[in-house]
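The values are calculated or read from the model by the stated rules, or taken from the named source; none is laboratory data. From a predicted model like this one, the values you see are computed outputs, not experimental measurements. With ideal geometry, Cβ positions are generated from the backbone for all residues, glycine too; neighbour counts draw on all protein chains shown. Accessible surface is based on the protein model in full, side chains and every heavy atom, while ligands, DNA and RNA are left aside. Shrake-Rupley method; radii C 1.70, N 1.55, O 1.52, S 1.80 Å.
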Amino acid sequence: MKKILKGGRFTPENYSAEIEEKIQKYRKLGYKLPPRRVVRTPEQIEGIRESAKINTGVLDCVAANIREGMSTAEIDKLVYDFTLAHGAIPAPLNYEGFPKSVCTSINEVVCHGIPSEKEILRSGDIVNVDVSTILNGYFSDASRMFMIGDVKPDNKKLVEITKECLEIGIAAAQPWARLGDVGAAIQEHAEKNGFSVVRDLCGHGVGIEFHEPPNVEHFGRKGTGSMILPGMTFTIEPMINMGAYDVYIDQSDGWTVLTDDGLPSAQWEKMLLITETGNEILTY
Ligand code: MF3
Ligand code: CO
């Protein structure tokens, strides 16, 4: 008997004959299609949706409690406690050795900042809190920016334009569009405002695992890249820099990503479900 490779090809199990036909048509025309496993079953979508609800609750809890003078370790404790109280697990904890339950990234830290008792939120800081949750084996992921006290107008603008970049990217994430359409839309808006798009980190499929195909780049060209199909769940999470897009990883902890030029960076992240007619935002 031949082994049927999981994820190897498209089968009609999740799709109406109409959609399946469309997929086969594009496949014959040579379009790049994502692997089969990134298309979710209705049962998986339900599980992912429930996980996403807890994830939004965690971020709402952070939003209600974050304040000047607080340490990022206190944010970590809020996330850990809230998540466990809702029967879920913080996905970052022990993920590839990550030591905490959440990423907290202040000012020139682009992402993957590790919460610490020694790190105190000060007036003027812009901070990204990136929350990811596992509920009944299903993964969700989102991040928001918080502005502490009096933030300089330039930094405020960076935070606001980055949020717009995410919204513009979401609008471009339509069924039968291309991932390059998403990246191009985000890049155009960031650069039009004098900012740059981080190249070395991207959005990703999420749901059955923390990080799955496809890679969702936040720069690129319209009409290129993998086709976006109904049933996919992935994040869009642009990291936008005030200065140059170059970043490096702090070798002392192996995680913290910083801007090369020391200028600030902002990020907003949401998770989408692609539907037959558009998309549904799963995490806020
Ligand atoms: N939450 C991040 C993302 O948006 C991933 C963090 S990995 C961690 O993809 F280990 F640093 F938590
Ligand atoms: Co993510």
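Taking interchain pairs and intrachain pairs at least six residues apart, which have beta carbon atoms under 6 angstrom, with the first residue in segment 60-77 and surrounded by 15 or more Cβ atoms within 10 Å (Cβ to Cβ) and the second of a type in the set (Gly, Ala, Ser)?
Cβ pairs passing all conditions: 72/116; 73/116; 76/101.
Considering only segment 228-255, state which residues are among the hydroxyl-bearing types (Ser, Thr, Tyr) and away from ligand 2 (no atom under 16 Å from the Cβ). Break it down stepwise before answering.
We begin by selecting, within segment 228-255, every residue among the hydroxyl-bearing types (Ser, Thr, Tyr); these are 233, 235, 245, 248, 252.
Scanning segment 228-255 gives 245, 248, 252.
Please state which of the following conditions residue 39 fails to meet, knowing it meets all the rest: (1) surrounded by fewer than 19 Cβ atoms within 10 Å (Cβ to Cβ); (2) touching a residue at least 60 places away in the same chain (Cβ under 8 Å).
(1)
Out of the residues in segment 192-208 that are more than 11 Å from ligand 1 (Cβ to nearest atom) and open to solvent by 30 Å² or more (accessible area, probe 1.4 Å), state the one that is nearest to residue 273 (Cα to Cα).
208
Mind listing just one residue for me: the one in segment 251-264 that is within 16 Å of ligand 1 (Cβ to nearest atom) and not in a loop (DSSP other than H, G, I, E, B) and, of those, least open to solvent (accessible area, probe 1.4 Å)?
257
Quick check on this structure: which one of 162, 104, 133 is farther than 27 Å from residue 226 by Cβ, hydroxyl-bearing (Ser, Thr, Tyr) and in contact with a strand residue (DSSP E or B) (Cβ under 9 Å, 6 or more places away or on another chain)?
104
Would you be able to say whether some residue in segment 265-275 is more than 17 Å from the chain's Cα centre (by Cα) and part of a loop (DSSP other than H, G, I, E, B)?
yes
Can you find, within segment 78-102, the residue that is nearest to ligand 1 (Cβ to nearest atom) among those that are surrounded by fewer than 17 Cβ atoms within 10 Å (Cβ to Cβ) and of a type in the set (Gly, Ala, Ser)?
My answer is 97.
Looking at 140, 116, 123, 105, which one is within 16 Å of ligand 1 (Cβ to nearest atom), over 18 Å from the mean Cα position of the chain (by Cα) and either open to solvent by 20 Å² or more (accessible area, probe 1.4 Å) or in contact (Cβ under 8 Å) with a residue 12 or more places away in the chain (or both)?
On the way: 140 fails: over 18 Å from the mean Cα position of the chain (by Cα); 123 fails: within 16 Å of ligand 1 (Cβ to nearest atom); 105 fails: over 18 Å from the mean Cα position of the chain (by Cα).
None of the other options fit; the residue is 116.
Residues that are among the hydroxyl-bearing types (Ser, Thr, Tyr) and within 16 Å of ligand 2 (Cβ to nearest atom): list the strands (runs of 3 or more DSSP E) wholly contained in segment 95-184 that include at least 2 such residues. Walk me through it before giving the result.
Numbers: elements: 103-106, 109-111, 126-135, 138-147.
Correct list: 103-106, 126-135, 138-147.
Give the residue that is farthest from the chain's Cα centre (by Cα), with candidates limited to residues of segment 126-137 that are within 14 Å of residue 206 (Cα to Cα) and open to solvent by less than 10 Å² (accessible area, probe 1.4 Å).
Taking the candidates together, the pick is 133.
I'm trying to understand the selection: among the residues of segment 232-250, which are open to solvent by 10 Å² or more (accessible area, probe 1.4 Å) and more than 14 Å from residue 179 (Cβ to Cβ)?
Residues satisfying the conditions are 242, 243, 244, 245, 246, 247, 248, 249, 250.
How about segment 214-231: which of its residues are in contact with a strand residue (DSSP E or B) (Cβ under 8 Å, 6 or more places away or on another chain) and open to solvent by less than 40 Å² (accessible area, probe 1.4 Å)?
Passing the criteria: 214, 216, 218, 225, 226, 227, 228, 229, 230, 231.
Counting just the residues of segment 46-58 that are in contact with a helix residue (DSSP H, G or I) (Cβ under 9 Å, 6 or more places away or on another chain) and either farther than 19 Å from residue 75 by Cα or in contact (Cβ under 8 Å) with a residue 60 or more places away in the chain (or both), which one comes out surrounded by the fewest Cβ atoms within 10 Å (Cβ to Cβ)?
So the residue we want is 54.
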